[in-house]
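One structure is given here, and the rest of the page talks about it.
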Amino acid sequence: MSSDTLNPAKRNEADRHRQKNWFQTMLDRPEIGPLGVMLLLFGMLGYFSIPEGQFSLNPFSGEGFNALGIRNNFRVIAQLGIVALGAGMLIISGEFDLSVGSMIGFAGGCMAMILKWGFAVIIPYPSFADGFTIEGFRLFEIQNVSPLTAILITLCLTLSFGWFQGWFIVKSGISSFIVTLGGLFFLRGLTEVSYRAFNKKEDQTAGSTTVTDLPDIKNIIEVPGLGEMEREAAKSLPNNQLLEVLKTAPESTVAKLTEQLSYANEKVAATKTVLQESRMTQTLQRSLDNAIQSGNEAMQKMLQAKIDAGVQVPEVKAKAVTDFDLAKAYIDTLPTARPVAEFFGGDILKPLFDWLYYTADWNVNNFGNQFAPGLYACVMIWLIMAFFCYIVLSKTQAGNWIYSTGGNLSAARANGVPTNRVKISLFVFTAFCATMFAACQVFEVNTADTAKGNLKELEAIAAAVIGGVVLTGGFGTILGILLGTVIFGIAKEAFFYIPGVDGSFYRVFLGAVLVSAALTNENIRKRIIGSA
Amino acid sequence: MSVQRPSIEVRNLVKRFGSFTALNGIDLDVYPGEVHALLGDNGAGKSTLIKALSGVHPPTSGEIKVDGEIVQFQSPREASDAGIGTVYQDLALNPLASVTRNFFLGREIKKGLGPFGLLQMKEMNAITIAEMKKIGIHISNPDQPVGTMSGGQRQTLAIARAIYFGAKILILDEPTSALGQKQQMEVLKTIRTVQKLGNIAIILITHNEIHAQLIADRFTFLSLGEVIGRGTAQELEGDEIKKLMAGGAELGNLKAELAA
Ligand SMILES: Nc1ncnc2c1ncn2[C@@H]1O[C@H](COP(=O)(O)OP(=O)(O)OP(=O)(O)O)[C@@H](O)[C@H]1O
Ligand SMILES: [Mg+2]
């Protein structure tokens, strides 16, 4: 052995891994790309939405991230997010579901029609009594179905359909792309047929393809002494009844409401004063411009002096708080009598948004009123579901099974993983997600129509891929799916505000991001399995 | 050594795929603490035989005894529960997942609700590192994806996993075929370590007669679905092994043909 030979035994395999600090470890995470894109879009939305001529370093001062902007943007994100969770987990297990969008339409139609017309199980049978006809035997019937029952009945239907698709795919070995593409057409068609068949009164020939004039279920309240009614109806009760209602309010509540209402009235008055001042200044400025044009120098001087002195408008007096206002405000505080509808379609974080208005002086619209009442409940449902998905996917045995089913199907099987059950369960889960999406939509807007959920299946897949999920399975995280969802949900708004750029460029942008994300994901995957 | 009862006995095993007879009456005895080399040309039926032993394909007829008791496996799970640990040619690993997640794949340590029980990652990491060390591989980071490990390390992982989960009969299907020289030696060393444990019977499939001669105590030769020769390392001489591995064709003939 020559003298310069190193002793090879001293180096073991562990030494061959570069020691990384936390920063390098973070940069290696697959979520880092989507995180960057998301921050970029947030910045764009924040700054481009600040009105022209106004300068601010605060991204929350524009339309994009004022209270209403946050409320609306997060609603779009959360709705997509709910289905992206299911789609993403399914892709990680190596399958697709293209029927999600149609499932949303189907589930929404189901719920809305059951709520409107009731639910019955009718068994058809042929009858020859009077020529040949098909008669129906009513097995049972429920009128005035509660929101929970409507959701549960719908879940029975959608989950069975999801189960059937999954079962069919694993048993037949036909690719999920084709089977669920079939599901896409099948369910959309079934939805349209059902609307025409059931969304009508007995004497009408064909039903309508929209469900309208449902009550605002989440806002049905128990008004003291008057029973259940919609909040808006209660607020437009005759004056004497309003006063009756106010009498039932606890004193502390009345005191607090009085305080809040006078704050709001003062705020509105102050805003009006400022508004009138600026109107006055504008008028003077316009007259000045005219005077300059017409060459009237005396007039010019006089107007200029007035402008320089600053306009003085009389301060607008705050409206007094009346008992009727108090009664209406009290009715606004009454809790819903339909908590399930409120859970899906109501608002959350109301105390926070109240605080932002009354105390932080931020959640204020152009007239001085409170801007946003809260966030849509679908944001909460999205985050709850994301939390459970995160726990399941990265912390439980089921998660390990999902990853291995998508990562190496035969290996998972050889090690006793019930891969078929894993896949079928995830098809059931995507159906569940679609139903949750539909429930949020139905109880938010109290309408449904046959076109609901169109294209959502593809958007969900795109969001998952942008978030780092690999289409061939086995790779991806819930955090990544969340980031991808935010990117997909916010891009439209962000591009809308860029001056001089056509709003539709957001699609161009998303297309490019999608493909580069897919490329990045594939490279990471290849680097890991060592076949770059 | 060989007065013991065999860990696994195979009698007159037949496996047909439709009209094709892949195995035509195989007998095989494998003893604890022994490496039993299963040799034969491509398509001889080696992989089919071990698939029958490990519950992947139920045999058409014949008898398999494990520790003297007749068994009939309906699934790989039943075979592994009976102590037959199989390391397939493709290793049955998920390259995208971590070492620990692969080690415990399908048998995760968890607390709580069925498949939704929480994984006990710390405990599983510790066991993985310890078990890998027992058969000679040091891993520094159990979160490392298996795809980034060397082929030899992957073999070792699959072997360590089979042993930890109670394999008394370890079946290795061409464990050295896809590896470089150094890694082949690593795997042979691992096999030797397992052999020395003394209580595990090892069935080794290989096309490499040098490896077989280096490590095997006993040989069985298959050709066209039948046993064409068997013996201990002492009974068989080098040329005999070569000849039987090629399915009995005379190597001399081949030399002549190539020369022509
Ligand atoms: N599932 C199956 N269906 C039909 N024929 C099969 C099946 N599996 C194996 N065979 C056939 O059985 C024969 C034996 O195959 P086997 O894989 O056992 O060979 P082998 O000895 O392992 O070969 P190699 O050394 O190439 O791995 C081959 O002719 C093969 O085509
Ligand atoms: Mg083989």
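Points worth noting:
Okay, residues lined up against (1) open to solvent by 30 Å² or more (accessible area, probe 1.4 Å); (2) within 29 Å of the chain's Cα centre (by Cα):
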| site | (1), (2) |
| --- | --- |
| A:Ser175 | yes, no |
| A:Gly182 | yes, yes |
| A:Thr191 | no, yes |
| A:Arg196 | yes, yes |
| A:Asp203 | yes, no |
| A:Leu226 | yes, no |
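- Residues that are farther than 30 Å from B:Pro76 by Cα and within 14 Å of chain B (Cβ to nearest Cβ), drawn from region A:418-475: A:Gly468, A:Val469
- The set of residues from region A:205-224 being without any contact (Cβ under 8 Å) to a residue 40 or more places away in the chain and surrounded by 16 or more Cβ atoms within 10 Å (Cβ to Cβ) comprises just one member, A:Gly207.
- Hits in region B:57-66 (condition: more than 16 Å from ligand 1 (Cβ to nearest atom) and either under 17 Å from the mean Cα position of the chain (by Cα) or within 15 Å of B:Ile203 (Cβ to Cβ) (or both)): B:Ile64, B:Lys65, B:Val66
- Where A:Val469 falls short, out of the listed (1) part of a loop (DSSP other than H, G, I, E, B); (2) crowded, with 23+ Cβ neighbours inside 10 Å; (3) touching a Lys or Arg at 6+ places or on another chain (Cβ under 7 Å); (4) hydrophobic (A, V, I, L, M, F, W, C): (3)
Results for (1) surrounded by 19 or more Cβ atoms within 10 Å (Cβ to Cβ); (2) under 26 Å from B:Ala212 (Cα atoms); (3) out of contact with any Asp or Glu (no Cβ under 9 Å at 6 or more places or on another chain), shown as yes or no for each residue.
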residue	(1), (2), (3)
B:Ile26	yes, yes, no
B:Gly33	no, yes, no
B:Lys46	yes, yes, no
B:Leu49	yes, yes, yes
B:Leu53	yes, yes, yes
B:Pro58	no, no, yes
B:Gln72	no, no, no
B:Ser75	no, no, yes
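- Qualifying helices (runs of 4 or more DSSP H) (wholly inside region A:361-462; at least 1 residues being modelled with pLDDT of 95 or more): A:377-395, A:397-407, A:419-445
Residue by residue, here is whether (1) open to solvent by 30 Å² or more (accessible area, probe 1.4 Å); (2) touching a Gly at 6+ places or on another chain (Cβ under 9 Å) holds:
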residue	(1), (2)
A:Thr25	yes, no
A:Pro34	no, yes
A:Phe48	yes, yes
A:Glu52	yes, no
A:Leu68	yes, no
A:Ala78	no, yes
A:Asp97	no, yes
A:Gly101	no, yes
A:Ala112	no, no
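- Single condition B:Phe20 does not satisfy, out of (1) crowded, with 22+ Cβ neighbours inside 10 Å; (2) more than 14 Å from every other protein chain (Cβ to nearest Cβ); (3) within 16 Å of ligand 2 (Cβ to nearest atom): (1)
- Complete set of residues in region B:134-175 that are open to solvent by 40 Å² or more (accessible area, probe 1.4 Å) and away from chain A (no Cβ under 11 Å): B:Lys134, B:Tyr164, B:Lys168
- Criterion (over 30 Å from A:Asn363 (Cβ atoms) and modelled with pLDDT under 95) met by exactly one of A:Phe60, A:Phe132: A:Phe132
- Of the residues making up region A:379-417, those that are closer than 27 Å to A:Leu152 by Cβ and within 13 Å of chain B (Cβ to nearest Cβ) are A:Phe388, A:Cys389, A:Tyr390, A:Ile391, A:Val392, A:Leu393, A:Thr396, A:Ala398, A:Ile402.
- Within region B:107-118, the set of residues being surrounded by 19 or more Cβ atoms within 10 Å (Cβ to Cβ) and either touching a residue at least 12 places away in the same chain (Cβ under 8 Å) or more than 10 Å from chain A (Cβ to nearest Cβ) (or both) comprises just one member, B:Glu108.
- Looking across B:Ser140, B:Ser177, one residue alone is within 16 Å of ligand 2 (Cβ to nearest atom), at pLDDT below 90 and out of contact with any Ser or Thr (no Cβ under 7 Å at 6 or more places or on another chain). It is B:Ser177.
- Sole exception among (1) within 13 Å of chain A (Cβ to nearest Cβ); (2) buried (at least 23 other Cβ atoms within 10 Å of the Cβ); (3) under 21 Å from B:Gln195 (Cα atoms) for B:Leu38, by number: (1)
- First in region A:347-372 and farther than 20 Å from A:Val274 by Cα, second anywhere and of a type in the set (S, T, N, Q), Cβ under 7 Å, 6 or more apart: A:Phe353/A:Asn363; A:Leu356/A:Asn363; A:Ala372/A:Asn363
- Residue count, region B:79-102 (criterion: over 17 Å from the mean Cα position of the chain (by Cα) and within 10 Å of chain A (Cβ to nearest Cβ)): 8
- Every residue from region B:30-49 that is within 8 Å of ligand 1 (Cβ to nearest atom) and either β-branched (Val, Ile, Thr) or not in a helix (DSSP H, G or I) (or both): B:Gly40, B:Asp41, B:Asn42, B:Gly43, B:Ala44, B:Gly45, B:Thr48
- Given (1) open to solvent by 60 Å² or more (accessible area, probe 1.4 Å); (2) at negative phi, index of the condition A:Gly500 fails: (2)
- For region B:45-62, a residue qualifies if it is in contact with a Gly (Cβ under 7 Å, 6 or more places away or on another chain) and on the phi < 0 side of the Ramachandran plot, and exactly one does: B:Lys46.
- Criterion violated by A:Ser294 - all others in (1) free of Cβ contacts under 8 Å to residues at least 60 places away in the same chain; (2) small (Gly, Ala, Ser); (3) open to solvent by less than 60 Å² (accessible area, probe 1.4 Å) satisfied: (3)
- Filter result (within 16 Å of ligand 1 (Cβ to nearest atom), away from every other protein chain (no Cβ under 14 Å) and assigned to a loop (DSSP other than H, G, I, E, B)) within region B:176-210: B:Thr176, B:Ser177, B:Thr206, B:His207, B:Asn208
- Members of region B:83-92 found to be in a loop (DSSP other than H, G, I, E, B) and modelled with pLDDT under 90, listed by number: B:Tyr88, B:Gln89, B:Asp90, B:Leu91, B:Ala92
- Considering region B:220-260, the residues that are part of a loop (DSSP other than H, G, I, E, B) and open to solvent by 80 Å² or more (accessible area, probe 1.4 Å) include one that is modelled with the highest pLDDT, namely B:Leu224.
- Some residue of region A:311-326 being over 50 Å from the mean Cα position of the chain (by Cα) and small (Gly, Ala, Ser): no
The values are calculated or read from the model by the stated rules, or taken from the named source; none is laboratory data. Fair warning: this is a prediction, and the values are worked out from it, not measured in the lab. Heads up, the Cβs are rebuilt from the backbone with ideal geometry, glycines too, and the neighbour counts pull from every protein chain shown. Ligands, DNA and RNA are stripped out before the accessible areas are found, and what is left, the full protein with its side chains, is counted by its heavy atoms. Shrake-Rupley method; radii C 1.70, N 1.55, O 1.52, S 1.80 Å.
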